[in-house]
Amino acid sequence: MASSMILCVLLCFISAAANPISCPNLNSAANYAVIAASTVTNTGFTIINGDMAISPSIALTGFYPDGKINGKTQLGNGVALQAQKDVCTAYNDLAGATPTGQMTGVDLSGKTLTPGVYKFDSTAAIGIAAGVLTLDGCGVYIFQIGSALSTADNSQIQLINGAKAGCVFWQVGSSVTLGQNSLCQGNILAYASVVFSGGVTLNGSACARTAAVTFISDTVNPQPICDCC
Ligand SMILES: *[C@@H]1O[C@H](CO)[C@@H](O)[C@H](O)[C@H]1NC(C)=O
């Protein structure tokens, strides 16, 4: 009796350990720092340390002379279209993951989260100026957000104990606004637009499925996707 209980506990433990939350397959979309649909616009000294794709539009403005794209740009071609298709597939996979935590109405400021799938039925925010969200431990973090995501000015996402930005995914049902001088981490897959308010650092990537990505003197550092534990 005791030994069969121990066996059961062991089996449960093994099956839990063998089924971590899986990382979405971004396919070709994993190669980009920025993917947009309608336009990418910039004001000021933005630095994009990776590749960019725009599809179906070709509108890329404001990077000359001050901004820098340290990578290739794919504008309105078949490669960019494929990147958008791959964002769409990954977005749907993320939206379909089974939630492990219901977070509707909870402000992320001051919270510490371990790997999991966190669901917000409507908006999500790091809503307090200079608020800090801490992600603790290696593994996959998925945020399923029904409508908008916003982060406050000077807010930060901190990664501790092996958490990696390339393993963090923000699936956002409408648009994203990143506050001034904030630090965001992870891969943003937004249905509509992604707005960088100025002086933002994003360690990860920004993908806008149907609208624009806009910058004001920001920095994007893409990270190895799904190189987790
Ligand atoms: C952001 O990424 C860059 C380059 O990939 C790295 O040097 C820097 O330490 C990262 N910043 C944080 C806060 O993790």
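The values are calculated or read from the model by the stated rules, or taken from the named source; none is laboratory data. What you see is a predicted model, and the numbers here were worked out from it, not measured in a lab. Cβ atoms come from the backbone with ideal geometry, glycine included; neighbour counts cover every protein chain shown. Protein only, heavy atoms only, side chains kept; ligands, DNA and RNA dropped before computing areas. Shrake-Rupley method; radii C 1.70, N 1.55, O 1.52, S 1.80 Å.
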- Counting only heavy atoms of protein chains, what accessible area per residue, in Å², does the stretch 2-221 have with a probe of 1.4 Å? 42 Å²
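Can you give the calculated 222 nm mean residue ellipticity of the chain, where each DSSP H run of n ≥ 4 adds -39,500 (n - 2.57) and the sum is split over every residue, rounded to the nearest 500 deg cm²/dmol? Walk me through the numbers before you get to the answer.
Working: 2 runs with 36 residues, N = 229.
Estimated from H runs of four or more residues: -5500 deg cm²/dmol.
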- Find the centroid of the Cα atoms in the stretch 129-152 and in the stretch 153-183, then give the distance between the two in whole Å. 5 Å
- Share of accessible surface on carbon and sulfur in the chain, whole %, 1.4 Å probe and ligands ignored, is 58 percent
- Item | Contact order normalised by residue count of the stretch 91-146, Cα under 8 Å, 6+ apart, percent | 38 percent
- Item | Derived scalar couplings ³J(HN,Hα) [the stretch 136-142; Karplus, 6.51 cos²θ - 1.76 cosθ + 1.60; whole Hz; x for Gly, Pro] | 10, x, 6, x, 9, 10, 10
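Packing-wise, with mean Cβ within 10 Å as the measure, how do 47-54, 83-90 rank, highest first? Each step should come with its number before you reach the end.
On the way: 47-54: 22.0, 83-90: 20.2.
Packing proxy ranking, top to bottom: 47-54, 83-90.
Cα gyration tensor of the stretch 118-229, axes a ≥ b ≥ c as square roots of the eigenvalues: rounded (a/c below 1.5), prolate (a/b > b/c) or oblate? Can you show the working numbers first?
Numbers: a/c = 1.34, a/b = 1.21, b/c = 1.11.
In terms of gyration-tensor shape, rounded.
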- Task: Can you tell me the equivalent ellipsoid semi-axes for the chain? Use √(5λ) from the Cα gyration tensor, largest first, whole Å.
- Result: 33, 19, 15
- Task: Using a cut-off of under 20 Å, list every residue of the stretch 203-229 whose amide N is near the label point 7 Å from the Cα of Ala59 along the Cα-to-beta-carbon line.
- Result: 206-217
- Query: In percent, how large is the relative contact order of the chain, given Cα pairs closer than 8 Å and 6 or more residues apart?
  - Reply: 19 percent
- Using the alpha-carbon atoms, what tilt in degrees (0 to 90, nearest 10) does helix 2-18 show relative to the longest principal axis of the chain? 10 degrees
- Contour minus Cα-Cα span, Thr100 to Gln158, at 0.36 nm per residue, comes to 18.8 nm
- Message: Under 8 Å for C-alpha pairs, at least 6 residues apart: give me the relative contact order for the stretch 122-209, rounded to a whole percent.
- Response: 25 percent
- Can you tell me how much longer the chain between Gln82 and Ser22 gets when fully stretched, taken as 0.36 nm per residue apart minus their C-alpha distance, in nm with one decimal? 19.3 nm
- Amide H to amide H, which residues 5 or more places from Ala53 or on other chains are under 5 Å from it, using H placed in the peptide plane? Val34, Ile35, Ala36, Gln74
- Protection proxy (average C-beta count within 10 Å per residue), highest first, orders 187-197, 173-183 as 187-197, 173-183
- First select every other residue whose beta carbon is under 14 angstrom from the beta carbon of Thr201; then total the charges, Lys and Arg +1, Asp and Glu -1. -2
